[in-house]
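FYI, it's all coordinate maths here, none of it is from the lab. Values in this document were obtained by computation on a predicted structure and should not be read as measured data. Counting neighbours? That spans all protein chains shown, and the Cβs are built from the backbone with ideal geometry, glycine included.
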Amino acid sequence: MSVEMNRLKSGSGPESCILCHDAPCSRACTGCDPGRILRALKFDNAETAASLLPDDYDASWTVEAERCCPAGVAIGDILCGLKEQKARLEGTEGADSIDLSCDICGVKLENPFLLSSSVVASSYEMCARAFEMGWAGVSYKTISRIKIQEASPRFSAVRSARGDWYGFKNIEQLSDHTVEENMEIIRKLKQNYPTKIIIASIMGRNEEEWESIARLVTEAGADVIECNFSCPNMEERETGSDIGQKPELVRRFTEAAKRGTSVPVLAKMTPNITHITEPAIASVEGGADGISAINTIKSITGVNIDTLVSLPSVHGHSMIGGYSGRAVKPIALRQVAELALCDKLKGYHISAMGGIVTWRDAVEFLLLGAGSLQVTTSVMEYGYRIIDDLLSGLKVYMAQRNYRSVSEITGGALDTLVENDMIDRYTMVFPSFDRDKCIGCGRCYISCRDGGHQAIGFDEQTRKVTLHGKRCVGCQLCSLVCPAGAIRQTKRVMARK
């Protein structure tokens, strides 16, 4: 039985790894570090995983490691399968020499990855630990003169079938430190980590507060300012996303922040708006040097059907809150692309965020116009350590394609986005079935029968599928539902009239 088939049948593939702290499997294995290898595989980083597996790997090394695994992951099978694939994987030669440096509005970053303004970047100790682990910088949790009192609990999650977060909701607000306390934290971070970049996220209630806080964070050593026009959770009215939905306020408060600083200013956009470009244009008219997007999307993640209270329940009540994580990535990609394609925003830096978990997510944002990347939700779930695979995965991708700089990737996919009336509707691709990979589940048949064009037949006895070519319209629904990857596209042909 192949490793892939074993994964499908037993559910014990690398995605089942629960990413233990101080992984018992690694402590029990003297020949390699299975915990780190499994983490690389879980974060879609097979080449790095292969490079971490010794050439002389022996399955006996991981017998005890597998016994120690609290999730019952088939560590031995996975590493044996990886050893078999190692020679076929494109190598990581040259990846270590890749330079990931880039910049935000002229401020140099050692790599594109920053923590976004949130709880993950809210104290000296947290930011320092992130810096030491490889993050290029932080957007420090929003500084304001608003008195902050948070609710408890304040998070809820939508989970995948395996228990990982698919989406995440928070009802949290801004930094609960005083302005003076935050200034001391910024000063200390810049003193001890001078090469790391600190973006000071700020929020005011009037022009005087925007200007004065901008001046204070600049004096404390912030490299960039980010104007938070987008938090959806504010208790105080006419702050956060209430501002971000009104272009005139965005323009006016950006101008105020610019009066208080000499460093670049980013305007952070709310996604809770029909046209994200409108407040973005207003911000650059007010002097913004770049845009960051997106903040969280207003949401209700679920309702407890026994108590009738939506989540999270705070003493019998809840509220609409901000949604983030994997689920928002398609929306974030769309809005980042809209910003990058807008003629009035050409040349302005875009710092993107919204569902970045793996290096592949990061590349997608870069290809759609992002110049730097911010992360929160996946750090909350998995920790700062995800930077290892973000960096190594991006380096391998660039090395394999001979990219020399992050700027060469930025915007590379924008030319492929066209208007609805420009898409090719006169050719099609038929599905092709790989009989060796097909596991006979019939999922393609059911979906085509009940959600497509009844173009797939299924033999109940042999459990084989057939294609009725005259009915097929090339929608490729079948390939999307196939759990074994047994359906691919054929050569594109002219569509039938």
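Applying 0.36 nm per residue to the separation of T274 and R145 and subtracting their alpha-carbon distance, the gain on full extension is 43.5 nm.
Please report, in cubic angstrom per residue, the volume enclosed by the convex hull of the alpha-carbon atoms of region 195-352.
Values: hull volume 21.2 nm³, N = 158.
With only Cα atoms used, region 195-352 gives 134 Å³ per residue.
The string of couplings for region 450-459 from the Karplus curve (6.51, -1.76, 1.60, θ = phi - 60°) is 9, x, x, 10, 6, 9, 10, x, 9, 8 Hz, one whole number per residue in order, with x for Gly and Pro. What the phi angles of region 389-397 give under the Karplus curve with 6.51, -1.76 and 1.60, with θ = phi - 60°, is a coupling list of 7, 4, 5, 5, x, 5, 4, 5, 4 Hz, glycine and proline written as x. Which of the residue pairs K190/K395; K108/K346; K246/K344 have a Cα-Cα distance greater than 24 Å in the structure shown? Among K190/K395; K108/K346; K246/K344, the Cα-Cα distance tops 24 Å for K190/K395. Across all C-alpha atoms in region 102-254, the radius of gyration and Dmax reach 16.0, 49 Å. Counting only residues at least eight positions apart within a chain, or on another chain, the aspartates and glutamates with an alpha carbon under 18 Å from that of K196 are D99, D103, E110, E125, E132, E184, E219, D223, E226, D388. Note on Q489 and M422: the model spin-label points, each 7 Å out from Cα along the C-beta direction, lie 1.9 nm apart. Remark on V309: its backbone amide H falls under 5 Å from those of N304, a criterion applied only to residues 5 or more positions apart or on other chains, H modelled at 1.01 Å from N. Over all directions, the projected convex hull of the C-alpha atoms in the chain averages 26.8 nm² in area. With Cα atoms defining each centre, region 383-400 and region 425-469 are spaced 37 Å apart in the structure.
Reducing region 472-489 and region 317-370 to their Cα centroids gives an inter-centroid distance of 28 Å.
Note on region 326-392: percent of Cα-Cα distances in each 10 Å bin, starting at 0 and stopping at the bin with the largest distance, equals 22, 52, 22, 4. Computed from Cα atoms, the angle from the helix 329-341 axis to the main principal axis of the chain rounds to 60 degrees. Restricting attention to the chain, close to 45% of DSSP beta bridges with both partner residues there are antiparallel.
Axis angle, to the nearest 10 degrees, between helix 207-220 and the longest C-alpha principal axis of the chain: 80 degrees.
How long are the semi-axes of the equivalent ellipsoid of region 118-157, taking √(5λ) for every eigenvalue λ of the Cα gyration tensor, in whole Å from largest down?
On the way: eigenvalues 104, 41, 13 Å².
So the equivalent ellipsoid measures 23, 14, 8 Å along its semi-axes.
The convex hull of the Cα atoms of region 405-497, projected and averaged over all directions, covers 8.6 nm².
Relative contact order, whole percent, for region 3-86 stands at 35, derived from Cα pairs under 8 Å and 6 or more residues apart.
For region 400-497, which chymotrypsin sites (Phe, Trp or Tyr not before Pro) pass both filters: DSSP loop (anything but H, G, I, E, B) and at most 15 other C-beta atoms within 10 Å? Mind showing how you got there, number by number?
Values: sites: Y403, Y426, F433, Y445, F458; in loops: Y403, Y426.
Filter output for region 400-497: Y426.
Net length available on complete extension from T462 to Q400 is 18.1 nm, with 0.36 nm assigned per residue and the Cα-Cα distance removed. Taking only alpha carbon atoms, region 348-481 gives an Rg to Rh ratio of 1.11, where Rh is the Kirkwood radius. Across the chain, C-alpha contacts under 8 Å between residues 6 or more apart give a mean separation that, scaled by the residue count, equals a relative contact order of 13 percent.
Between F430 and V481, what's the calculated FRET efficiency when r is the beta-carbon distance and R0 is 22 Å? Round to 0.05.
Details: r = 16 Å, r/R0 = 0.75.
So, using R0 = 22 Å, E works out to roughly 0.85.
Taken one residue at a time, the phi angles of region 309-320 give Karplus couplings (6.51, -1.76, 1.60, θ = phi - 60°) of 10, 6, 9, x, 8, 10, 6, x, 9, 9, 8, 5 Hz. Gly and Pro are set to x. A crude spin-label estimate for the pair Y124 and I446, with each label 7 Å from Cα along the Cβ direction, gives 5.8 nm. Amide H contacts for I104 (H built 1.01 Å from N in the peptide plane; partners 5 or more residues away or on another chain; cut-off under 5 Å): L109. The S101 and R360 beta-carbon pair, evaluated with R₀ = 25 Å, returns a calculated FRET efficiency of approximately 0.75. If you wrap region 3-86 in the convex hull of its Cα atoms and look at it from every side, the mean projected area works out to 4.7 nm².
Between 0 and 90 degrees, the angle of helix 75-86 with respect to the longest Cα principal axis of the chain falls at about 80 degrees. The mean sequence separation of alpha-carbon pairs under 8 Å and at least six residues apart, normalised by the residue count of region 298-364, gives a relative contact order of 26 percent. For the peptides 271-279, 391-399, 147-155, the ranking by mean Cβ contacts within 10 Å, running from highest to lowest, is 391-399, 271-279, 147-155.
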